[in-house]
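Remarks on the structure that follows.
The values are calculated or read from the model by the stated rules, or taken from the named source; none is laboratory data. Note that the structure is predicted; figures quoted are calculated from it, not measured. All Cβ positions, glycine included, derive from the backbone under ideal geometry; neighbour counts span all protein chains shown.
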Amino acid sequence: MPIANAFLSAEQLSEPEYTFNLKAGFCESCFMAQLIDTVDPNMLFHDNYAYFSSISHVMDQHFADLANTISNKIFYDETLSVIEIGSNDGILLEKISGYSSNTIGIEPSTNVAAVARSKGLDVISEFFNEDLAGKLFAEYSPAQLVVGANVLCHIPDLNELARALNIVLEDQGVFIFEDPYLLDIMSKLAYDQIYDEHFYYFSITSLSNLFERHGLRLFRIEQIPVHGGSMRIYGCKSESSRSVEASVVNQLQTESDYGLSNLESYVAFADSVKKSRSSLVDLLGNLQNEGKRIVGYAASSKGTVILNYCGVGADMLEYVCDNTPSKQGLFTPGTHIPIVSIDAFAADYPDYAFVLAWNHMKEISEKEKEFHSKGGRFITHIPEACII
Ligand code: DWN
Ligand code: SAH
């Protein structure tokens, strides 16, 4: 599998592409689902990171709501700092800064961090780790909150991450993370969440085990609909005065009932993924045989997984359109399909658009009413291959 966000220029098409063995495993001791072979984070998060969080209106509203929740329910001392890990182009950091003047973003991908800085935000371009935690503690006040969206699963050494949290957090401080949720991935067959940047696929069971090893604990969880099904976790130091809420206990039971701690559940998932691939390939192949024009919609990281795993290439999809200006003019990793603007899509509608960011289906279909009204149809593979 190529690196999911390593989109290629025309010149790079003739050069060899870096690939790695994409394999997910499951630990029968701590119940963590994770990648077996991993890619060095420096190859993933750098000065040309392809994903700009602010491309989605729905995500913008989601983060406005999160900032509001944080300021109402979590902040307890305005002299303490607030740290956001993986602040990207500042989509959440900017909103939190509206409620706290002592806010700092940590973002190793320098190109997206530069966008956040251009909004006047304070961002350190480094990986969050134990070393940086020590520096933050020395230079800023202890943290009343460490928050991160879609970043915890991007950090290969979670034991170090937990140690770093212990360093920066004030004794009553809170951490909040939201990431794709394993139970959603398994129940929706969202195997495209499995790629290089996502080192882990979290359950409340595996996260509780991780944090308990480090004198930390979860006290609240909330299931949220973004990115196809995510979990927001609230945690604190073990000795904090916050009591564990029913949401945590109930979810542990739900996971146990589902069989998230049993290897058989993962073997069954792997079988279902293979069937999902076959039905998608059949659907696309039949449409192609009927002479239909099919394109991809959204050059997402997940799209790289679907296209490469299912063997869907430039012979099947005319192009992939995407609203990120810096992706346009490039080619998809591994499959080398040209990426064009949404304007190019609108200028000459195809018969079908295969949505490679199914998590944004609602937002995309609302934007593309005209495509639909002119007879165009979307294809999705989640939870099963179908035309909508
Ligand atoms: O975890 C991660 C999430 C938060 O973002 C990262 N590892 C990388 C990235 O994953 P992704 O690339 O799969 O993210 P999305 O948000 O599912 O994909 C968005 C892509 O879709 C972007 O390239 C923009 C495009 N898009 C579009 O063309 N029109 C998105 C929307 C909402 C649209 O209306
Ligand atoms: N929080 C944003 C961005 C998610 S993409 C959102 O939800 O939309 C993941 C981001 O985490 C990238 O911008 C990446 O550069 C950053 N990241 C990866 N590893 C990190 C680490 N160790 N510390 C801080 N940020 C990291």
Cross-chain or 6+ apart pairs with Cβ under 9 Å, the stretch 245-270 first and outside any loop (DSSP other than H, G, I, E, B), then among the hydroxyl-bearing types (Ser, Thr, Tyr) and loosely packed, with under 12 Cβ neighbours inside 10 Å: none
Among the residues of the stretch 113-151, what is the count of those that are in contact (Cβ under 8 Å) with a residue 40 or more places away in the chain, touching a Ser or Thr at 6+ places or on another chain (Cβ under 9 Å), within 14 Å of ligand 2 (Cβ to nearest atom) and not β-branched (Val, Ile, Thr)? 4
Number of the exception - residue 36 against (1) of a type in the set (Val, Ile, Thr); (2) farther than 29 Å from residue 204 by Cβ; (3) touching a Gly at 6+ places or on another chain (Cβ under 8 Å): (2)
Considering only the stretch 330-356, how many residues are in contact (Cβ under 8 Å) with a residue 40 or more places away in the chain, assigned to a loop (DSSP other than H, G, I, E, B) and closer than 24 Å to residue 372 by Cα? 4
Subset of the stretch 44-77 (residues that are aromatic (Phe, Trp, Tyr) and within 11 Å of ligand 1 (Cβ to nearest atom)): 45, 49, 51, 52
Only residues that are closer than 22 Å to residue 251 by Cβ, away from ligand 1 (no atom under 16 Å from the Cβ) and not polar (S, T, N, Q): list them for the stretch 162-188, please. 162, 165, 174, 175, 183, 186
Just one listed residue, out of 302, 327, 369, is out of contact with any His (no Cβ under 8 Å at 6 or more places or on another chain) and either farther than 23 Å from residue 194 by Cβ or free of Cβ contacts under 8 Å to residues at least 40 places away in the same chain (or both), and it is 369
Output yes when any residue across the stretch 229-239 is under 21 Å from the mean Cα position of the chain (by Cα), part of a strand (DSSP E or B) and among the aliphatic types (A, V, I, L, M), and no when none is. yes
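Condition check ((1) under 19 Å from residue 162 (Cα atoms); (2) of a type in the set (Lys, Arg)) across all residues:
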{"position": "194", "(1), (2)": "no, no"}
{"position": "202", "(1), (2)": "yes, no"}
{"position": "226", "(1), (2)": "no, no"}
{"position": "237", "(1), (2)": "yes, yes"}
{"position": "245", "(1), (2)": "no, no"}
Assess whether residue 110 counts as being touching a residue at least 60 places away in the same chain (Cβ under 8 Å) and among the hydroxyl-bearing types (Ser, Thr, Tyr). yes
Tell me, which strands (runs of 3 or more DSSP E) lie completely within the stretch 37-151 with 1 or more residues that are in the same structural domain as residue 233 (by TED's automatic domain parsing), small (Gly, Ala, Ser) and within 16 Å of the chain's Cα centre (by Cα)? 143-149
Can you name the number of the only condition in (1) in contact with a Phe, Trp or Tyr (Cβ under 6 Å, 6 or more places away or on another chain); (2) more than 16 Å from ligand 1 (Cβ to nearest atom) that residue 92 fails? (2)
Unmet criterion (only one of (1) exposed (fewer than 15 other Cβ atoms within 10 Å of the Cβ); (2) within 16 Å of ligand 1 (Cβ to nearest atom)) for residue 138: (2)
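Yes/no matrix, rows are residues, columns are (1) surrounded by 21 or more Cβ atoms within 10 Å (Cβ to Cβ); (2) not in a helix (DSSP H, G or I):
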{"residue": "278", "(1), (2)": "no, no"}
{"residue": "282", "(1), (2)": "no, no"}
{"residue": "296", "(1), (2)": "yes, yes"}
{"residue": "305", "(1), (2)": "yes, no"}
{"residue": "313", "(1), (2)": "no, yes"}
{"residue": "317", "(1), (2)": "yes, yes"}
{"residue": "323", "(1), (2)": "no, yes"}
{"residue": "326", "(1), (2)": "no, no"}
Which listed residue is in a strand (DSSP E or B) and touching a Gly at 6+ places or on another chain (Cβ under 7 Å), from 175, 211: 175
From the set of residues in the stretch 179-214 that are among the acidic types (Asp, Glu) and touching a residue at least 60 places away in the same chain (Cβ under 8 Å), which is surrounded by the fewest Cβ atoms within 10 Å (Cβ to Cβ)? 197
